[in-house]
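The values are calculated or read from the model by the stated rules, or taken from the named source; none is laboratory data. Quick caveat, the model's predicted, so the values are computed rather than measured. Ideal geometry is used to build each Cβ from the backbone, glycine not excepted, and the neighbour counts take in all protein chains shown. Accessible surface is based on the protein model in full, side chains and every heavy atom, while ligands, DNA and RNA are left aside. Shrake-Rupley method; radii C 1.70, N 1.55, O 1.52, S 1.80 Å.
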Amino acid sequence: MINLGYNERRLIEMLRGRGSMSRTELARDMDVSAPTLTRLTSSLLEAGMIREADEARTGGGRGKPSTALELDPDGLFTLGVYFNPDDLRICVADLNGQIRAEIRQDLQDHSFQHIMSIAEPAAREVVLKANVDTSRILGCGLSFPGHFSRNPGHVFQIPQFASWHDVDVDRDFQPFFDYPVHHENDGKAVILSELYYGVGRNLANFAMIWLTYGIGGGVVVQRHLYRGSNRNAGEFGGLFPKSHHRPSGQDLCNQLASGGITINRLCEIDESYADHPKVTEWLGRATDQLRALALTVARTLDPSAIVFGGSLPDWLIGEIVKRLGSLESLGEDFFVEPPEIRKSGLSEVPHLGAATIPLYRATTPSYYSGRALKGWA
């Protein structure tokens, strides 16, 4: 649908991170000539991806204020499909990351055919509800828990999706949707939405620890999603063997079950459990395990921030962040400034993370595969 050049992507990235900017500011910060900037902006204005803002920019100097440019939210739309053991969530998001319409549906049957029999009509319904120009829908981003195997199309599933062992993500999802499908697992999809719309909007380097029934995450290096050699960078759950207690939602459910309390969904663990002995025991151990993980991430990657999020109940994530953030040091002999420990504000919208996948591939400079020359549009 679109084929943006390197500098066009850079311009979109600047407007996404900073908001409206004048042409003078854009030319200066992109280090391109005025004629080059004119070509870039003319192309993107014509394509409907940017627009002239209502308010002009003064620039701090004399003379007539210059017209500011900003992203046009109606320039592109994306479809996001996210599912986990509890529910299916689908949305249409615009170029500014605003959700125009969404559908959420609880899941009981986790078979591939059942879930897709729900997802296919729901995706069409949410597009109708959004009432957007369908010719501007860039693609469909899809995410769910699991990590990649050596086969590029195969994903190791969590136990609830164990029957998906023959599903090929590059082949088997496309027939159910009307737009090109792109996939990342849940942790990597959500860190993309953090990069564009959340904590990482103005950060070059940060990591995310995603706590659900399992443990996942992602790493952004120089505003690029770092996948690693096998696309499994940031799969932090592998540091906590499943044969031992681990800081995961499933482990918390098992802990409560050992005390005679059956939990069917993580959302059932509300703050009424805050003083329950099994929960306080788990929280103390999990916080220490996550402190060690944060120390490993800090020592290895030296990020500006480590963001915690997930479908683990919000109050539990908040308590973990509070405890880790109050520590003077993440570990012995750690004398440098620790990364900021932050709580994600996007845990409730993992489907926005899914919707960000096609946008990231089409508009981010770091995903550009052509030649990047200074001043080249």
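List the residues of region 299-317 whose backbone N lies under 18 Å from a point placed 7 Å from the Cα of His276 along the Cα-to-Cβ direction.
Output list for this probe position: 311-317.
Could you give the semi-axes, largest first, of the ellipsoid that matches region 102-249, computed as the square roots of 5 times the alpha carbon gyration tensor eigenvalues and rounded to whole Å?
26, 21, 15
Subtracting the Cα-Cα distance from 0.36 nm times the residue separation, let me have the gained length for Leu239 to Asp172 in nm, one decimal.
That pair, Leu239 and Asp172, stretches by 21.1 nm at full extension.
Against the 2.2 N^0.38 Å scaling, with N counting residues, where does the chain land? I'd like the Cα-based Rg ratio to two decimal places.
Relative to the 2.2 N^0.38 Å estimate, the chain comes out at 1.04.
Would you compute, from DSSP H runs of 4+ residues alone, the mean residue ellipticity of the chain at 222 nm, taking -39500 (n - 2.57) per run and dividing by the full residue count, rounded to the nearest 500?
Calculated from helices alone, the mean residue ellipticity at 222 nm is -11000 deg cm²/dmol.
How much of the pair distance distribution for region 207-291 lies past 21 Å, counting alpha-carbon pairs only, in percent?
Cα-Cα pairs in region 207-291 separated by more than 21 Å: 37 percent.
Just want to confirm a number: the relative contact order over the chain, from Cα pairs under 8 angstrom separated by 6+ residues, in percent.
20
Go from 0 up to the bin containing the longest alpha carbon distance in region 178-251, width 5 Å each, and give me the % of pairs per bin.
4, 16, 25, 20, 17, 12, 5, 2, 0
How long are the semi-axes of the ellipsoid equivalent to region 226-377, from square roots of 5 times the Cα gyration tensor eigenvalues, in whole Å, largest first?
Each semi-axis is the square root of five times an eigenvalue, giving 34, 20, 15 Å.
Using a 1.4 Å probe, what is the accessible area per residue for the chain, in Å²?
Averaged over the residues of the chain, the accessible area is 45 Å².
Using DSSP, restrict attention to beta bridges with both residues in the chain and report what percent are antiparallel, rounded to the nearest 5.
Around 65 percent antiparallel, to the nearest 5.
How do the peptides 187-196, 66-75, 261-270 rank, highest first, by the average count of neighbouring beta carbon atoms within 10 Å per residue?
The peptides rank, most packed first, as 187-196, 66-75, 261-270.
With r as the distance between the Cβ atoms of Thr262 and Glu120 and R0 = 35 Å, compute the FRET efficiency 1/(1 + (r/R0)^6) and round to 0.05.
E(calc), rounded to 0.05, equals 0.60.
Under DSSP H, which helices of the chain have Cα atoms covering 24 Å or more of the helix axis and a Kyte-Doolittle average no less than -1.0?
Result, helices passing both filters: 112-130, 277-301.
Over the chain, what percent of the accessible surface lies on carbon and sulfur atoms, probe 1.4 Å?
47
Separation between the Thr134 and Asn3 pseudo-spin-labels, each 7 Å from Cα along Cα→Cβ, expressed in nm?
2.6
Across bins of 5 angstrom width beginning at 0, how are the C-alpha pair distances of region 1-135 distributed, in whole percent?
Distribution as computed: 2, 9, 17, 16, 13, 11, 9, 8, 7, 4, 3, 1, 0, 0 percent.
Taking a threshold of 23 Å on the Cα-Cα distance, which of the pairs Lys242/Lys322; Lys242/Lys278; Lys129/Lys188 fall above it?
Check vs 23 Å cut-off fails for Lys242/Lys322; Lys129/Lys188.
With contacts defined as alpha carbon pairs under 8 Å and 6 or more residues apart, what's the relative contact order of region 184-281 in percent?
So the answer I get is 20 percent.
Taking the Cα centroid of region 157-175 and of region 1-46, what is the distance between the two, rounded to the nearest whole Å?
39
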